[in-house]
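Student: Here it is, the structure, as structure tokens.
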Amino acid sequence: MERNVLNYCRILPKVELHAHLSGSISEKTMIKLIKLKTDKNPDWQLSHADWQFHLKAVKGKSLEDVFLIFQLIQEISDSEEAAYVACKDVISEFAADNVKYLELRTTPRCIPKTGMTRRSYIESVLRAISECHSSDLGIEIRLLLAIDRRTSVKDAMEIVELAVEFMMKSGLVVGLDLSGDPTVNDASDFLPVLIKAKSAGLRLALHLAEVPDKAQETLPLLELPPDRLGHGTFLHKGDQSENMVGLVKKHKVPIEICVTSNLITSTVSKVEDLHFQYWYDRKHPVIICTDDKGVFSCSLSEEFALIAEAFKLSEQQLYDLSYDAIDYIFAGDDIKNKLQNEWKVFHSRHS
Ligand code: 6MZ
């Protein structure tokens, strides 16, 4: 019997390299977090019904709406316990989708009213990751700490210091992400912070050119160069596109492409218009990712299937996309070799 594309994408082992923790929280976990928050704070009034109303009101309309949802989610995950619960659930859901290696990224938050500090937030997330490693989920996880571009350079520097400390201590923190609403502030203000992070051994995955007309901030950051690039939807379009494309090609910076995210935030109007084709045709490394699987109600398997259908990819091409992504993970060669062997076993059984 012929396999359908989505079924193949589901059984395909995958790596997920662009997943924001809060954005990846499923509705099921959100309900758990609302209960946790209500139990601890009887005065807190947001009921499940209110929550669904808020979610529906803002879901799936624009980039602006999506950033409102993040605020709502962060409100229900504002304690160490909530961060731990959310992280465990997110990892289990990725594992159930046959993700064998996951790089989660998250912005360390400091919430004085719950006593959570940036440090204790990171510790809670790392505890969840370590417990998942000790379970039989069959997934390897690493963490990137995120700098929200709305933050001050001083706070960003503190996040870098924490990232370096936890990289040394745990080995599980492997890099830094620069993210946040791409329409606010100038990402190149963080250049000194990113230079410091890079020289300390952290790998850099930066959100760049997610929206149009961002060449001015993008060009200096491409000179770093970053180790991976989030979205990059408009690198090949508009003013200075030749310079941006030139730098990305020169430094062979892999591009993380998040299909449903780009559709929902309306940065592209249909899958066929994605920048996937542009880079794939030029044999430039591209990695299929979910971005925020909870907020966008998607899975990595579905993202692969969308790409397969729109760009008429064969099972072999899908396998190659998944296999090649292993080259761009931030974990060491031991993990890369282990994953490559696992993929080869799958290939020998399913081709
Ligand atoms: C830019 C994004 C994003 O850090 O609380 N984030 N930044 N573009 C996107 N495309 C839609 N999706 C998520 O996860 C939520 C945070 O991730 C970033 C935003 O800063 C958001 O507040 P954490 O785990």
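The values are calculated or read from the model by the stated rules, or taken from the named source; none is laboratory data. Worth saying up front: this structure is predicted, and the values here are computed from it rather than measured. Cβ: placed from backbone, ideal geometry, glycine included. Neighbour counts: every protein chain shown.
Student: Considering E302, E217, E223, which residue is within 16 Å of the ligand (Cβ to nearest atom) and not small (G, A, S)? Spell out how you get there, then give the answer.
Tutor: Values: E302 fails: within 16 Å of the ligand (Cβ to nearest atom); E223 fails: within 16 Å of the ligand (Cβ to nearest atom).
Only one candidate qualifies: E217.
Student: Also, I was wondering about something else. Identify all residues within the stretch 154-170 that are more than 16 Å from the ligand (Cβ to nearest atom) and modelled with pLDDT of 95 or more; write none if there are none. Break it down stepwise before answering.
Tutor: Here is the first cut: in the stretch 154-170, the ones more than 16 Å from the ligand (Cβ to nearest atom) are 154, 157, 161, 164-165, 167-170.
Across the stretch 154-170, the qualifying residues are K154, M157, E161, V164, E165, M167, M168, K169.
Student: It is to be established whether one or more residues within the stretch 245-268 are within 16 Å of the ligand (Cβ to nearest atom) and over 28 Å from F311 (Cα atoms). Walk me through it before giving the result.
Tutor: Of all residues in the stretch 245-268, those within 16 Å of the ligand (Cβ to nearest atom) come to 255-268.
Still in the running and over 28 Å from F311 (Cα atoms): none.
Scanning the stretch 245-268 turns up no residue that is within 16 Å of the ligand (Cβ to nearest atom) and over 28 Å from F311 (Cα atoms).
Student: Looking only at the stretch 236-266, how many residues end up being within 19 Å of the chain's Cα centre (by Cα) and in a loop (DSSP other than H, G, I, E, B)?
Tutor: Filtering the stretch 236-266 down to residues within 19 Å of the chain's Cα centre (by Cα) leaves 253-266.
From what is left, the residues that are in a loop (DSSP other than H, G, I, E, B) are 253-254, 265-266.
Residues meeting the conditions: 4.
Student: If I filter the stretch 1-32 down to residues being part of a loop (DSSP other than H, G, I, E, B) and not charged (D, E, K, R), which single residue comes out as nearest to the chain's Cα centre (by Cα)? Before the answer, list the steps.
Tutor: Residues of the stretch 1-32 that are part of a loop (DSSP other than H, G, I, E, B), as a first pass: 1-4, 12-13, 25-26.
After this cut, where a residue has to be not charged (D, E, K, R) as well, the list is 1, 4, 12-13, 25-26.
Working: M1: 35, N4: 27, L12: 19, P13: 18, I25: 12, S26: 15 Å.
Per the criteria, the residue is I25.
Student: Inspect the stretch 120-143 for any residue being at pLDDT below 95 and within 24 Å of D333 (Cα to Cα) and give the result as yes or no. Explain how you work it out, then say what you get.
Tutor: Just the residues of the stretch 120-143 that are at pLDDT below 95, to begin with: 136.
Remaining after also requiring within 24 Å of D333 (Cα to Cα): 136.
Yes, because at least one residue in the stretch 120-143 is at pLDDT below 95 and within 24 Å of D333 (Cα to Cα).
Student: Name, by its number, the condition in (1) surrounded by fewer than 22 Cβ atoms within 10 Å (Cβ to Cβ); (2) over 25 Å from L321 (Cβ atoms); (3) modelled with pLDDT of 95 or more that does not hold for L221.
Tutor: Just one mismatch for L221, condition (1).
Student: Any idea which of (1) within 14 Å of the ligand (Cβ to nearest atom); (2) at pLDDT below 85 is the one H20 doesn't satisfy?
Tutor: Status for H20: all satisfied but (2).
Student: Okay, next question. Scan the stretch 75-93 and give yes if some residue there is at pLDDT below 95 and assigned to a helix (DSSP H, G or I), otherwise no.
Tutor: Yes: one or more hits.
Student: Look through the stretch 137-155, keep the residues that are surrounded by fewer than 20 Cβ atoms within 10 Å (Cβ to Cβ) and among the small types (G, A, S), and return whichever of them is nearest to A197 (Cα to Cα).
Tutor: S152
Student: From the list S241, S266, S314, exactly one residue is among the small types (G, A, S) and either under 21 Å from R10 (Cα atoms) or crowded, with 16+ Cβ neighbours inside 10 Å (or both). Which is it?
Tutor: S314
Yes or no, residue by residue, for (1) in a helix (DSSP H, G or I); (2) more than 30 Å from Q340 (Cα to Cα); (3) more than 19 Å from the chain's Cα centre (by Cα):
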position: L143; (1), (2), (3): no, no, no
position: I159; (1), (2), (3): yes, yes, no
position: L162; (1), (2), (3): yes, yes, yes
position: V174; (1), (2), (3): no, no, no
position: V193; (1), (2), (3): yes, yes, yes
position: G201; (1), (2), (3): no, no, yes
position: L206; (1), (2), (3): no, no, no
position: D213; (1), (2), (3): no, yes, yes
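Student: Out of all the residues in the stretch 197-224, which are among the aliphatic types (A, V, I, L, M) and touching a residue at least 60 places away in the same chain (Cβ under 8 Å)? Don't jump to the end; show me each part of the working.
Tutor: Residues of the stretch 197-224 that are among the aliphatic types (A, V, I, L, M), as a first pass: 197, 200, 202, 204-206, 208-209, 211, 215, 219, 221-222, 224.
Within the stretch 197-224, A205, V211 qualify.
Student: Taking into account only those residues within the stretch 181-191 that are under 23 Å from F330 (Cβ atoms) and touching a residue at least 40 places away in the same chain (Cβ under 8 Å), which is farthest from the chain's Cα centre (by Cα)?
Tutor: Selected residue: F190.
Student: Hey, another quick one. Would you please list the contacts, defined by Cβ atoms under 9 Å and residues six or more apart or on different chains, that run from a residue in the stretch 258-270 that is over 19 Å from E16 (Cβ atoms) to a residue that is away from the ligand (no atom under 11 Å from the Cβ) and of a type in the set (V, I, T)?
Tutor: Final answer for the pair search is V268/V259.
Student: Tell me which helices (runs of 4 or more DSSP H) are completely within the stretch 284-351 and hold 3 or more residues being under 15 Å from S261 (Cβ atoms), or say none if there are none.
Tutor: Numbers: elements: 300-311, 315-325, 333-350.
Those helices (runs of 4 or more DSSP H) span 300-311.
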